[in-house]
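Note sheet for the following structure.
The values are calculated or read from the model by the stated rules, or taken from the named source; none is laboratory data. A quick note: this is a predicted structure, and the numbers were derived from the prediction, not measured. Counting neighbours? That spans all protein chains shown, and the Cβs are built from the backbone with ideal geometry, glycine included. Surface accessibility is based on the protein's heavy atoms, side chains included, excluding ligands, DNA and RNA. Shrake-Rupley method; radii C 1.70, N 1.55, O 1.52, S 1.80 Å.
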Amino acid sequence: MTAEILGRGRARVEGPAKVTGAAKYAADLHPSGLAYGYLVLATVGRGTVTAVDAEAALASPGVLAVYSPFNPLKLYGGIVHSDQSFLGQNWLPLQDAEVRHHGQIVGLVVADTFEQARRGAALVRVVYDARPPVADFAAALPNAVSPGPINGEPDVLDLLAPGVPSIEAALAAAPVRAGGTYTQPPKNPVPLEPHATVAVWDQAGLTLHLGTQAAMPSALTVAAALGQDPARVRVLSEHVGGGFGGKLYTWAHPLLTAAAAQALGRPVKTVITHEQMFSVTGNRTPVHQTVELGASADGALQAVKHEAVSGLSTSGLIFEQAAHTTSRYLYKAPNIHVAQKVAMLDAPPSTWMRAPGEEPGSFALESAMDELAAKLNLDPVELRLRNYSTVVPGRGVPWSSKHLDECYRLGAARFGWNRRAQRPGSVREGDWLIGYGMASAAYPGNQFPYTMAKVRLRADGGAEVSSATADLGTGMRTVLSSVVAERLGLPGERVAAVLGDSVLPMNYGAFASAGTASTATAARAAASAAVAQLVQVAVQNAASPFHGLDPKDVVYAEGRLTGPGGLDAAFGELLTRIDVSGVEAQDGSAPPPDARNFAVHSFGAHFCEVRVHAWTSEVRLRRFTSVIDAGRIVNERTARSQIAGGLVFGIGQALFEGSVMEPASGRTANANLAEYLIPVNADVPVFDIQFLSHPDTNFNEFGARGIGELGTVGSAAAIANALFNATGRRVRDLPVTVDKLFG
Amino acid sequence: MRAFEYAAARTPADAFARTTPRTAYLAGGTTLVDLMKLGVVEPDAVIDINGLGLRGIRLDRDGLRVGALERMSDVAEHPVVAAEFPVVAQALQASASPQIRNMASIGGNLLQRTRCGYFRDVATACNKRQPGSGCPAQTGANRGHAVFGTSASCVATHASDLAVALVALDARVELAGPAGRREVPLADFYRLPGDSPQVENDLRPGELVTAVAVPRLAFARRSTYLKVRDRQSYEFALVSVAAALDVRNGTVRDVRLAVGGVGTRPWRLPLAEQALRGKRLTEATARQAVEAGTADARPLAFNAFKPALLRRTAVRTLLALGG
Ligand SMILES: Cc1cc2nc3c(=O)[nH]c(=O)nc-3n(C[C@H](O)[C@H](O)[C@H](O)COP(=O)(O)OP(=O)(O)OC[C@H]3O[C@@H](n4cnc5c(N)ncnc54)[C@H](O)[C@@H]3O)c2cc1C
Ligand code: SF4
């Protein structure tokens, strides 16, 4: 009766709560006695705080405290980024007077109301001994350094055919070459739900309400910084209004908020503004890439050379690994060279952002492939099919499941790719130039180790699945409920999913598109374990009609236990009858497959049509087709949203997004959502999203891979390639704005 | 944001009586409250003028008269405005977002402040916000800044779309103050920055904008507003063109042309208008006229594209109107 629960378009379970406002985000909470924090941010790009005049702020109505490097809140060091600490930068706030980047936290004002705290913060006078920051990415490129190994491989990796001395030699020998230099600015994950923290202390310790993708690592990080036993810190994150990577790490403000609440003996809430997010909660680094491709006249790649330099904040931690995540494996070529460097910048902390590495890397590689196709006068889909890889270059292992070729073919057919004009700038409708473009997408199939879930079967006939992950709009609640409902043979509505709490079963959190592969497989295993536990209880409990039977003779199906002689009871009835409130069991995800046997990626192909105005070069996206190969799709409705959201991200990358860092000051000139442009609805075309259905059982029993980031990979290249097809103009510097297209 | 007093004025006289150099009138609040939150303006008291009437959208013999407190959305959707002055309706529709247009008034729109990022960030210098402190936009992030009417003190654009349309139509603003009523052509109402960019217009202390009057112009029915920006909606103009055209048998009898996103105030192109009058409208004549009318553009480091984009946008607009 419920076998089709998986795959069908089940509506998001918390949807009604979200649209009616019943869903409470961290900033919505108002525990009694609440005080409000407001951050004071540095107005110089590098230097030392020499004095803080808090007198006026302290005299301002309602202000309770002004914390600064000279009146700090004690935090404990010794935690650096590791699997156990998710601290977002390599320093702790207010513990020294150093200013490492413009917009760094240099103070926290706490007051009775939000408005009073904000006013107090405006009155704090900070005196700096300023030094010039290193904030000019272009100027820093020559000083770029090695970041060390990447994914266990050297940062400069040569996979050369026997006898080929260098990638340069391989390129020189290739009759047709194409490529160029591709650049993109820093970007910011700025979810609409601002980062918010509410810290409440009681005898049990600290409860921290925090919009986070990773409740359990946050709790461990906060406990370490506050010098608390981890058992005394609980992080709650019931709803998260978007994260995109920016809510993965624990930033400085929750630490200060928790410490202030402890110092003041009152709950404290700090909500940071969208403007503050541009410096406090991390950026995607700028990236400068060169790609050179060499091919034979029939389009067979002979050499792929891809070198990337990414910015990296002196505050740490994450840089875009553009070449190793893309050109390393996407195409079959006898000679591949990928290299990565980092240019250190006095910039806001560099952090994760949707498809880190693949986002810039796919833009460069897939643009270069389009340039090569143009040089060869070959259809871009055909070029990709001719260079299709079935084993990982240099390692020879196959993919667990790969149907990218089907994505190309099906996508081309759905889109009507055969109507594409090979000659750029040759199709016009009135004053509009029309262009088609395509690109490939690939994102690793990740699965975390040690992910645990618990399933409880209740006497009321319902079930509950729980794990310490998050639902940041991804549909994780819905997926977990559906997976467990399917295993238990219950209607989806009868299975509640509980997450967003650090005390729930072990889970790193929701990131790296690993949620379904990790948590859903754990939940499924836990459901099986709970059924086994139910059977045990049924045969052991003296009041049970199944008492004394061999567990092997008791069968669970569709919510009922049956046994010999017509014994039959719904599990809820049984538990009620024997007066047990519920049975539960935990289990974990199976370990990911051995990397020596398989590589695991999700794949996709994007096709898009653009219009460019012949006079003003305004760009309009007309339609987008994406065909996705991500194994088994657990819930097509939320999966579609994930891909669509990823595509909107790609549109932002292609046409709009970029933080403008002033070279002299390190200040972000457009640190607000009026000037940092993201697509609005009018910019988003009709999406035709199609999922292939090839369960990847080499990856996990369930056959599901990740989809959260895939839509972002390659979509910007598809747009840029379509713009070239429309206009004959190749723009290699993102975002492609009007001024770069005309002329 | 500083704590402030709030009072609702009941009559214009009441509003004038409450006025001091440290008060501000509040209409829709979409500019004022925003700037107060940023600490850019810090009035001691806010005088709410929404109770003053100052309403009405009327077309008569003399032309169109719109009360200063009419909301942008109501004016944009008014059938008479859409039919007689499409350039006005379109300029409003292309402004801000539906939510803001529902809140924002016509008077407030004309008096909105520049979107220059330094003006809005109190941690930086800005001559307009703090006279004499400097103008970082001269060499800083100035992609959105002006190419006409700039000075060494200030290069900020006037951000209103509506004002561009109204200047093209020779609109006048009606003012009322403690010393009485007067009327000023909107084009003269705005000041060039010169060496005192903090003075943006001709408004005297305590004065209210009460209405905007647009003289009758039969050929305004053939008018349009074209706004070019990086994304399709919810953004200020990179460049914009307001045009009205009287063309018969392919010959231009009369034309009005004003441009936005490029001037320190709404920028009329009289030389281009002059060059077009009596000419056949072709791509070549339009281009020549627009080039003549924009020859004095002075681009900055990051907005060098604006004169060319403006010219193309203007030619496109003229040809679309003429065709
Ligand atoms: C996100 C955003 C996007 C926007 N995009 C655009 C856009 O694309 N195009 C565009 O043109 N505009 C845009 N705007 C500006 C918007 O149109 C103005 O904020 C609005 O029109 C101001 O009207 P208001 O009634 O809210 O004015 P208020 O904020 O109430 O007042 C603005 C100023 O005018 C004064 N004032 C108001 N009414 C009177 C009066 N009758 N007499 C004397 N003084 C008065 C106030 O004291 C204040 O100084 C945008 C605004 C925002 C916030
Ligand atoms: S351009 Fe004008 S508003 Fe902008 S910083 Fe300079 S003086 Fe201030």
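Take the alpha carbon atoms of region A:137-208, find their center, do the same for region B:46-75, and report the distance between the two centers in whole angstrom.
The distance from the Cα centre of region A:137-208 to that of region B:46-75 comes to 56 Å.
What's the magnitude of the charge dipole for region A:591-666 around its Cα centre, counting Lys and Arg as +1 and Asp and Glu as -1 at the beta-carbon? Answer in Debye, nearest 20.
Here the size comes out at about 340 debye.
Starting from the 7 Å offset along Cα-to-Cβ, what nm value, one decimal, do you get for the label separation of A:Val391 and B:Arg61?
9.4
What does the highest-first list of A:679-685, A:375-381 look like by mean Cβ count within 10 Å?
Order by mean packing, descending: A:375-381, A:679-685.
Among residues other than A:Tyr128 whose Cβ falls under 15 Å from its Cβ, what is the net charge (Lys/Arg +1, Asp/Glu -1)?
For residues surrounding A:Tyr128, the net value is 0.
Can you work out the base-10 log of I(q)/I(0) for region B:138-216 at q = 0.11, 0.13, 0.18 1/Å, using the Debye formula on its C-alpha atoms alone?
One equal scatterer on each Cα of region B:138-216 leads to -0.35, -0.48, -0.83.
Taking the Cα centre of region A:403-499 as the origin, how large is its charge dipole in debye, to the nearest 20, when only Lys and Arg (+1) and Asp and Glu (-1) carry charge on their Cβ atoms? Provide the component values of the computation, followed by the final result.
Values: 12 positive and 9 negative charges, 39 e Å.
Roughly 180 debye for region A:403-499.
How much FRET efficiency would the formula 1/(1 + (r/R0)^6) give for B:Arg10 and A:Arg409, where r is the Cβ-Cβ distance and R0 is 56 Å, rounded to 0.05?
FRET efficiency, B:Arg10 to A:Arg409: 0.15.
Return the distance in nm (one decimal) between the two label points of a simple spin-label model at A:Ala674 and A:Ala161, each offset 7 Å from Cα along Cα→Cβ.
My value for the distance between the label points is 5.9 nm.
Using a loss threshold of 50 Å², tell me which positions in region A:113-146 are less accessible in the complex than in their chain alone. Probe radius 1.4 Å, ligands and nucleic acids ignored.
A:Arg118, A:Arg119
How many Å³ per residue does the convex hull of the Cα positions in region A:295-365 occupy?
Measuring per residue, one finds 77 Å³ for the Cα hull of region A:295-365.
Against the 2.2 N^0.38 Å scaling, with N counting residues, where does region B:1-146 land? I'd like the Cα-based Rg ratio to two decimal places.
Normalised Cα radius of gyration, region B:1-146: 1.19.
For region B:169-314, just run the numbers: alpha carbon Rg, then divide by 2.2 N^0.38 Å, N being how many residues it has. Before the final figure, lay out each step's value.
On the way: Rg = 17.1 Å, N = 146, 2.2 N^0.38 = 14.6 Å.
That works out to 1.17 for region B:169-314.
For region A:552-616, which trypsin sites (Lys or Arg not before Pro) pass both filters: DSSP loop (anything but H, G, I, E, B) and at most 12 other C-beta atoms within 10 Å?
Those satisfying the criteria are A:Arg596.
With unit charges on the beta carbons (Lys and Arg positive, Asp and Glu negative) and the dipole taken about the Cα centre of region A:442-499, which residue among A:Leu457, A:Gly492, A:Ala470 sits farthest to the positive side?
Of the listed residues, the answer is A:Leu457.
Could you tell me the extents of region A:70-169's C-alpha atoms along the three principal axes, largest first, rounded to whole Å?
Taking the Cα atoms of region A:70-169, the three principal extents are 73, 35, 23 Å.
Taking the square root of 5 times each eigenvalue of the Cα gyration tensor, what semi-axes in Å does the equivalent ellipsoid of chain B have, largest first?
Working: eigenvalues 204, 122, 50 Å².
Value: 32, 25, 16 Å, ordered largest first.
List the lysines whose Cα lies under 25 Å from the Cα of A:Lys552, skipping any in the same chain that are fewer than 8 positions away.
A:Lys454
Per residue, how large is the accessible surface of chain A? Use a 1.4 angstrom probe and give square angstrom. All intermediate terms of the calculation are to be shown ahead of the outcome.
Working: 25130 Å² over 743 residues.
Roughly 34 Å² per residue, with all protein chains present.
Percentage of Cα-Cα pair distances in region B:194-244 greater than 16 Å, rounded to whole percent?
So the portion of pairs separated by more than 16 Å is 69 percent.
Do you know the relative contact order of region A:1-160, to the nearest whole percent, from alpha carbon pairs under 8 angstrom that are 6+ apart?
Relative CO of region A:1-160 lands at 32 percent.
For region A:264-405, report the convex hull volume of the alpha-carbon atoms normalised per residue, in Å³, without decimals.
167
Residues of region A:670-686 with amide nitrogen under 13 Å from the 7 Å Cα-to-Cβ point of A:Arg622?
Under 13 Å, as judged by backbone N against the label point of A:Arg622, lie A:686 of region A:670-686.
What value in Å³ per residue do you get for the convex hull of the alpha-carbon atoms in region B:51-114?
95
Could you please state how large a percent of the accessible area of chain A is carbon and sulfur, counting protein chains only and using a 1.4 Å probe?
53
Suppose we compare each residue of region B:301-318 in its chain alone and in the full protein complex with a 1.4 Å probe; which ones drop by at least 30 Å² of accessible area?
B:Phe305, B:Leu309, B:Arg312, B:Arg316
Across bins of 10 angstrom width beginning at 0, how are the C-alpha pair distances of the protein assembly as shown distributed, in whole percent?
Per 10 Å bin, starting at 0, the Cα pair percentages come out as 2, 10, 17, 20, 20, 16, 9, 4, 1, 0, 0.
Report the local net charge at A:Arg730: Lys and Arg +1, Asp and Glu -1, summed over other residues whose C-beta lies under 12 Å from its C-beta.
Counting the neighbours of A:Arg730, the net charge comes to +1.
Inside 10 Å of the C-beta atoms of B:223-235, what's the mean count of C-beta atoms belonging to other chains?
5
If you take the charge dipole of chain B about its Cα centre, with +1 on Lys and Arg Cβ and -1 on Asp and Glu Cβ, which of B:Ala272, B:Pro136, B:Leu186 is farthest toward its positive end?
It is B:Ala272.
I'd like the Kirkwood hydrodynamic radius of region A:7-107, using the inverse of the mean 1/r over distinct C-alpha pairs, in Å.
Kirkwood radius, region A:7-107: 17.5 Å.
Dipole of region A:151-289, Cα-centred, from +1 at each Lys and Arg C-beta and -1 at each Asp and Glu C-beta, to the nearest 20 debye?
Working: 8 positive and 9 negative charges, 81 e Å.
Here the size comes out at about 400 debye.
So which GluC sites (Glu not before Pro) in region B:50-101 end up in coil per DSSP with only 16 or fewer other C-beta atoms within 10 Å? Don't jump to the answer; show the numbers that get you there.
On the way: sites: B:Glu70, B:Glu77, B:Glu84; in loops: B:Glu70.
Passing sites in region B:50-101 do not exist.
All other residues with a Cβ under 15 Å from the Cβ of A:Val109 taken together, and with Lys, Arg as +1 and Asp, Glu as -1, what is their net charge? Show your work: numbers first, answer last.
Working: positive: A:Arg118, A:Arg119, A:Arg125, A:Arg266, A:Lys269, B:Arg2; negative: A:Asp53, A:Glu55, A:Asp112, A:Glu115.
Taking every Cβ under 15 Å from that of A:Val109, the sum is +2.
Run lengths n ≥ 4 of DSSP H only: what is the helix-derived mean residue ellipticity at 222 nm for chain A, with -39500 (n - 2.57) per run over all residues, to the nearest 500?
Details: 17 runs with 175 residues, N = 743.
Dividing the helical sum by the residues of chain A leaves -7000 deg cm²/dmol.
Give the value in nm², to one decimal: projected area of the alpha carbon convex hull of region A:591-743, averaged over all directions.
The orientation-averaged projected area of the Cα hull of region A:591-743 comes to 12.2 nm².
List the aspartates and glutamates whose Cα sits under 18 Å from the Cα of B:Lys128, skipping any in the same chain fewer than 8 residues away.
Reachable aspartates and glutamates: B:Asp34, B:Glu42, B:Asp195, B:Glu200, B:Asp202.
At 1.4 Å probe size, with the rest of the protein present, what percent of the exposed accessible area of region B:1-143 is carbon and sulfur atoms?
Ligands and nucleic acids excluded, carbon and sulfur give 54 percent.
Can you give me the C-alpha center-to-center distance between region B:153-213 and region B:10-29, rounded to a whole angstrom?
Centre-to-centre (Cα) distance: 18 Å.
If you take the accessible area of B alone, add that of A alone, and subtract the area of the pair, what total do you get in Å², probe 1.4 Å, to the nearest 100?
2600
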